Amino acid sequence: MHALEKDPELRYPNATALADDLNRFLKYQPIMARPASAVRKLRKLARRRPVAATAILSTAAIVLISTYSWFNLEAQRKELNRNNRALARSQVAVDATLATAENLLSSLAPGSAIDRSETLALVEAMASSARDQGILRPMAAARQSLAAGNFGMRFGHTHAAVDIFLHSCNRASAARELGVEGAQDLLLRARLQHLRALRLSRFREEATRFGDAYLAELDGTEPLYLRCRFVLEVINAHSILQETSDIERIESKHGDVVAMATGLIADLREEGGAAAAHDRLALNRSLGSYLHHRHRYTEAFDVIEETFVELRDRHGLYDYRTLAAGTQLARTLNWGLLYELRETEWTRLELAQLLLPAAEEVLGPDSRTTLVTRWSLAESLLHDGRSAEALIHYRAVQAAFAKWERPDSPTMQSLETAIAVTLNSLGHCEEAEVIYRKMAAAYAEALGPEHHDAIIPRRGLAEAFRNQGRLEEADEEFRWQLEALMRQEESIGRSPAVTTAHYLLLLSICRGRADEVRGYMDLIRDLSAGHESLETKWSFAMDERLPLTAEMIHLAQTVGFAEAAQYGEQILSTLDPGDVVDEADHHPLEMTLSVRLAAGLDVPTYRWTQTPHSLIWVSLRQAGDLEGAAEYAENHRERIWQSFRAHRRAKGSSMWLLAEALAQLQSGEEPPQLSPTEEELFKVAMGTEGAAAGH
């Protein structure tokens, strides 16, 4: 066959070559000729029968491709099964760890404690398990990281949660790139939690940076609920740093976010179900924070109280969501002195005292939420007149925040202003004045001189002037604030202006200026008109006895206490001894009785709704009840000390009048005996006590 090949290249070149090959064959030696290969046979077949050859080749190709595809699909099926098993294992791990968390929470009761090292170890174990999912299972890693971060938040491990949530964001983003179903929704929720953790930790500059980036990536295809929460949370992050221009930029781009959120909350409430309730409460928290930061306190109060009550009923007090909402409610309640808030079952002090132990047990003493709760307790103590206790808490919070806050950060500035308020109430007015001036300048530079937050330290500055007896400077400062607040009525309402007008009214009484008192009464009446809540709250400031009180103080300062006491008889005639002294009666009656004591006269007794402890102590001494006076001073030493220390220098005030009464009582040849506590209080009233007393 070799000799008969058609291709010359494949035949013997000549007869000699054929003879040589035959010789080798006969001698059993290797020959040149070879059988045709399979390829050559196929080529020959194709030339002879092309249709059959094509059919054979096509069939072979189909078999090969089918075999390859089957093996490939089998490999993908096995990989999918592995991934499904991994997802199932990750969910089992998540569920098991969350069950552990629930067991810890359910076993927690007042007075007990959680082993924080145990909860942190659980968080780290969950995060480590999520990272072990590797790059091949991004969805499983994202889900488990999100659960781990949420678990960390529940126990106050906010700083650890920041990195865990970021890992969840990265893995969810990778899953989205692979087209995994549900990855987009998971990514948005992980980013919201990452942003919230940043905002509640020390990384608030990073919160604005990440927040702006996350908000810019929204393309309109995401659910409106998530878009609304992103807008609120990013604005909240900027609000903490008081970045007004960025806030205005976001608000102008996204429209009325409050109306959007309110509508979504109503829709979610109507929808019902556990998932809708979860989303509604989360949106409520974001909206409440937004309203609080934007100084819309009356609206914030309604949203925050509703959220706190529902979270408490659903999850109990010992849950980080309940504690965060409760702390927010306590802080909003502390604005009730300036803003008209409706009646509520909660009092500032009771709520703060309830929350702080729970926050310390669940979140730890150094978590930001716990520190803010302690801050709220300090505010509540200050408003309750317990300034020395408040100062201890303020100093502790300031020391804790100083570990990671810049001295010029808004948080530290706000704390320093609060400490100045407390120092002023304790009578350390010069020290408070220095802080107020510093803070007023810093706020004015950052926000503008007439911004509401910039006016707060200036209000304190005016009070420091008044307490030092610098009444004209106090009057000038309060007048400037009143004009500035009235220009902002549209944005902050009328309540702050009414409050400032009342400060000026009281200052005018001290200065004995009845005409000014009448003018401020008219202003308060005009500002309150048409606002039922304001009219009710400030009705006592329109009492016709107030101008008479100013006339009486004018006589006390220019003629004498005896003549002033005689003039005050017309005020006393409006009440009978033993009557209940309500809010409208309090100031005129306290001032009138203080004038009588300064004149050396006894005073009737009444039933006070707000007890004037210093007046009662001096009246007991005036009546000769030295034993009763000593016991009363012992029981109310802090309140009496604080009142004299803070206000005795304000000429025309009740404490100035009572100090005059004490001076006359103790000026005789045989002054009445003072107990050790009374001796201390007397020195405070006379301004001769040691500089450190009372701290």
Identify, by number, the condition in (1) in contact (Cβ under 8 Å) with a residue 40 or more places away in the chain; (2) within 23 Å of Ala550 (Cα to Cα); (3) open to solvent by less than 30 Å² (accessible area, probe 1.4 Å) that Leu504 doesn't meet. (1)
Selection count where residues are within 28 Å of Ala160 (Cα to Cα) and buried (at least 22 other Cβ atoms within 10 Å of the Cβ), scope region 346-355: 2
Yes or no: Pro365 free of Cβ contacts under 8 Å to residues at least 12 places away in the same chain, within 30 Å of Asn150 (Cα to Cα) and open to solvent by 60 Å² or more (accessible area, probe 1.4 Å)? yes
Picked from region 565-599 (must be open to solvent by less than 60 Å² (accessible area, probe 1.4 Å) and hydroxyl-bearing (Ser, Thr, Tyr)), the residue nearest to Glu660 (Cα to Cα) is Ser594
Considering only region 479-490, I want to know if a residue exists there that is outside any helix (DSSP H, G or I), under 24 Å from His295 (Cβ atoms), at pLDDT below 95 and in contact with a helix residue (DSSP H, G or I) (Cβ under 9 Å, 6 or more places away or on another chain). yes
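Identify, from the list Val498, Val517, Val434, the residue that is in contact (Cβ under 8 Å) with a residue 40 or more places away in the chain and either open to solvent by less than 10 Å² (accessible area, probe 1.4 Å) or assigned to a helix (DSSP H, G or I) (or both).
On the way: Val517 fails: in contact (Cβ under 8 Å) with a residue 40 or more places away in the chain; Val434 fails: in contact (Cβ under 8 Å) with a residue 40 or more places away in the chain.
Criteria check complete, one pass: Val498.
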Within region 557-578, track down each residue that is in contact with a Lys or Arg (Cβ under 8 Å, 6 or more places away or on another chain) and more than 21 Å from Arg511 (Cα to Cα). Thr574, Gly578
If you go through region 473-490 one residue at a time, do you hit one that is over 35 Å from the mean Cα position of the chain (by Cα) and within 19 Å of Arg649 (Cβ to Cβ)? yes
Conditions: (1) open to solvent by less than 40 Å² (accessible area, probe 1.4 Å); (2) touching a His at 6+ places or on another chain (Cβ under 6 Å). Leu615 meets all but one. Number of the miss? (2)
Within region 380-411, restricting to residues that are open to solvent by 30 Å² or more (accessible area, probe 1.4 Å) and in contact with a Lys or Arg (Cβ under 9 Å, 6 or more places away or on another chain), the one that is nearest to Leu333 (Cα to Cα) is His383
How about region 202-216: which of its residues are surrounded by fewer than 20 Cβ atoms within 10 Å (Cβ to Cβ), hydroxyl-bearing (Ser, Thr, Tyr) and in contact (Cβ under 8 Å) with a residue 24 or more places away in the chain? none
I'm told Ala562 meets every condition in (1) touching a helix residue (DSSP H, G or I) at 6+ places or on another chain (Cβ under 7 Å); (2) more than 21 Å from Tyr520 (Cβ to Cβ); (3) open to solvent by 10 Å² or more (accessible area, probe 1.4 Å) except one. Can you identify the failing condition by its number? (1)
Regarding Ala550, is this residue modelled with pLDDT of 95 or more and out of contact with any Leu (no Cβ under 7 Å at 6 or more places or on another chain)? yes
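Under 30 Å from Gly628 (Cβ atoms) and under 41 Å from the mean Cα position of the chain (by Cα): is that true of His531 in this structure? It would help to see each step written out before you state the result.
Values: under 30 Å from Gly628 (Cβ atoms): no; under 41 Å from the mean Cα position of the chain (by Cα): yes.
Spelling it out, it is not the case that His531 is under 30 Å from Gly628 (Cβ atoms) and under 41 Å from the mean Cα position of the chain (by Cα).
Taking Gly624 as the residue in question, decide whether it is at pLDDT 95 or above and on the phi > 0 side of the Ramachandran plot.
On the way: at pLDDT 95 or above: no; on the phi > 0 side of the Ramachandran plot: yes.
In short, no.
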Considering each of Asp246, Asp219 in turn, give the residue that is modelled with pLDDT under 90, open to solvent by 70 Å² or more (accessible area, probe 1.4 Å) and charged (D, E, K, R). Asp219
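On the given criteria, is Thr307 in contact (Cβ under 8 Å) with a residue 60 or more places away in the chain and surrounded by 17 or more Cβ atoms within 10 Å (Cβ to Cβ)? Walk me through it before giving the result.
Values: in contact (Cβ under 8 Å) with a residue 60 or more places away in the chain: no; surrounded by 17 or more Cβ atoms within 10 Å (Cβ to Cβ): yes.
No; evaluated as a whole, the condition is false for this residue.
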Filter region 437-464 down to residues that are open to solvent by less than 20 Å² (accessible area, probe 1.4 Å) and of a type in the set (Val, Ile, Thr), then give me how many there are. 1
Taking the criterion of being under 15 Å from the mean Cα position of the chain (by Cα) and either among the β-branched types (Val, Ile, Thr) or farther than 30 Å from Lys683 by Cα (or both), would at least one residue in region 379-396 satisfy it? no
Leu665: hydrophobic (A, V, I, L, M, F, W, C) and under 21 Å from Gly578 (Cα atoms), yes or no? no
Name the single residue, out of those in region 525-559 being among the acidic types (Asp, Glu) and assigned to a helix (DSSP H, G or I), that is most open to solvent (accessible area, probe 1.4 Å). Glu532
State which residue pairs qualify: first residue closer than 16 Å to Leu215 by Cα and inside region 250-271, second residue of a type in the set (Lys, Arg) and part of a helix (DSSP H, G or I) in any location, beta carbons under 8 Å apart, and separation of 6 or more residues or different chains. none
Give just the number: which of (1) modelled with pLDDT under 85; (2) in contact with a helix residue (DSSP H, G or I) (Cβ under 9 Å, 6 or more places away or on another chain) does Ala147 not satisfy? (1)
Contacts under 7 angstrom Cβ, first residue in region 529-554 being under 26 Å from Met655 (Cβ atoms), partner small (Gly, Ala, Ser) and surrounded by 20 or more Cβ atoms within 10 Å (Cβ to Cβ), 6 or more apart: Trp538/Ser528; Ala550/Ser508; Ala550/Gly512; Met552/Ala564; Met552/Gly568; Ile553/Gly512; Ile553/Gly652; His554/Gly512
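Name every residue in region 662-677 that is part of a loop (DSSP other than H, G, I, E, B) and more than 23 Å from Thr611 (Cα to Cα), in order of residue number. I'd like the intermediate steps shown before the answer.
Keep residues of region 662-677 that are part of a loop (DSSP other than H, G, I, E, B), which gives 666-675.
Across region 662-677, the qualifying residues are Gln666, Ser667, Gly668, Glu669, Glu670, Pro671, Pro672, Gln673.
From the list Asp602, Asp522, exactly one residue is surrounded by fewer than 21 Cβ atoms within 10 Å (Cβ to Cβ) and either in contact with a helix residue (DSSP H, G or I) (Cβ under 7 Å, 6 or more places away or on another chain) or on the phi > 0 side of the Ramachandran plot (or both). Which is it?
Values: Asp522 fails: either in contact with a helix residue (DSSP H, G or I) (Cβ under 7 Å, 6 or more places away or on another chain) or on the phi > 0 side of the Ramachandran plot (or both).
Criteria check complete, one pass: Asp602.
The values are calculated or read from the model by the stated rules, or taken from the named source; none is laboratory data. As the structure is a computational prediction, the values presented were derived from the model and not from experiment. Ideal geometry is used to build each Cβ from the backbone, glycine not excepted, and the neighbour counts take in all protein chains shown. Areas reflect the complete protein model, heavy atoms only, side chains present, ligands, DNA and RNA absent. Shrake-Rupley method; radii C 1.70, N 1.55, O 1.52, S 1.80 Å.
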